[in-house]
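A.B. asks: Dropping the structure in here first, questions after.
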Amino acid sequence: MKKTIAIRVIVGVVVLLFVVSAWMQDGKPDWSALKLFSTAVLLCTVIFNLWDFLLWRLPLVQRIPGVGVARSVRGTWKGTLTSFWTNPETGSSPPPKTVYLVVQQTASLVSVKLMTDESKSTSALAKVSEVDGSVLLTYMYLNKPDLRVEHRSRIHHGSTVFDVSGNPARRLKGHYWTDRDSKGELDFVERDKKNLADDFAEAAELFEEAG
């Protein structure tokens, strides 16, 4: 949505400039300038997309103060999920497990996917923001368990808040809460910036190759 609005603003500005220039030739209309209209719109669109998909996350741009770009956390992260849920039958909590977080991010949009060996969570709303000097990754999600574990783990909604450490980002640490009255901690310290895994197995292979 933000990307669409931004493109419309750019196009609107280009149109306005050409219309004004057309009436600035000795006070009479001169529509020859409009021949460059399509080229100008294309150029603006290319520049915007370069910024939205690439330029904003370059290390140099990320470090420039006052630019107003979000911290780049894009990539596949490997970390640990620690659940605080207590099994009523045993009185104990499940052991920590390895999980993977995939963040797709442009200058204007963020989407998050958390994958475990039993389920996948996909964000409905997500953003990277700065609050009181701290950089946060926050999102709401829908979790869908694998069919084989649905008998003990139903579909649910939840939310997650991460503190982002470092520039470039080197750690995501935070908490999650669900509508099943469960909560826990998440800690990610390994990151593959280039690859965005589609599932748990692919993510595991990424870090096995890196290791």
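A.B. asks: For the stretch 75-210, would you read off the P(r) tail past 26 Å as a percentage of all alpha carbon pairs?
C.D. replies: Details: 1838 of 9180 pairs.
So the portion of pairs separated by more than 26 Å is 20 percent.
A.B. asks: Follow-up question, since we're still on this one. Does anything in the stretch 165-191 have its amide N under 18 Å from the 7 Å Cα→Cβ label point of residue 210, and if so which residues?
C.D. replies: Once the point is set 7 Å along Cα→Cβ of residue 210, 165-174, 186-191 turn out to lie under 18 Å by backbone N, inside the stretch 165-191.
A.B. asks: Stretched out fully, how many nm does the piece from residue 122 to residue 98 gain, at 0.36 nm a residue minus the Cα gap? Intermediate results must be reported in sequence, preceding the final value.
C.D. replies: Numbers: separation 24, 0.36 × 24 = 8.64 nm, distance 1.74 nm.
My answer for the length gained is 6.9 nm.
A.B. asks: Still on this structure, please answer the following. Quote to one decimal, in nm, the extra length available between residue 53 and residue 171 on full extension: 0.36 nm per residue of separation minus the C-alpha distance between them.
C.D. replies: Going from the current span to full extension adds 40.3 nm.
A.B. asks: Need the C-alpha centroid separation for the stretch 128-166 versus the stretch 173-203, integer Å.
C.D. replies: 7 Å
A.B. asks: Quick check on my link table: of 127/173; 97/183; 127/194, which ones sit more than 18 Å apart, alpha carbon to alpha carbon? Spell out each step's value before the answer.
C.D. replies: Working: 127/173 15 Å; 97/183 14 Å; 127/194 20 Å.
From the list (127/173; 97/183; 127/194), the Cα-Cα distance tops 18 Å for 127/194.
A.B. asks: Please sort by residue number the trypsin sites (Lys or Arg not before Pro) in the stretch 87-183 whose DSSP state is loop and whose Cβ has at most 13 other Cβ atoms within 10 Å. Walk me through the numbers on the way to the answer.
C.D. replies: Working: sites: 97, 113, 120, 127, 148, 152, 154, 170, 171, 173, 180, 183; in loops: 152, 154, 170, 180.
Loop-located and lightly packed - 152, 154, 170.
Bear in mind that the values in this text are calculations on the coordinates, not laboratory data. All of these numbers come straight from a predicted model, not from anything done at the bench. Neighbour counts are summed over all protein chains in view; Cβ atoms, including those assigned to glycine, are modelled from backbone coordinates with ideal geometry.
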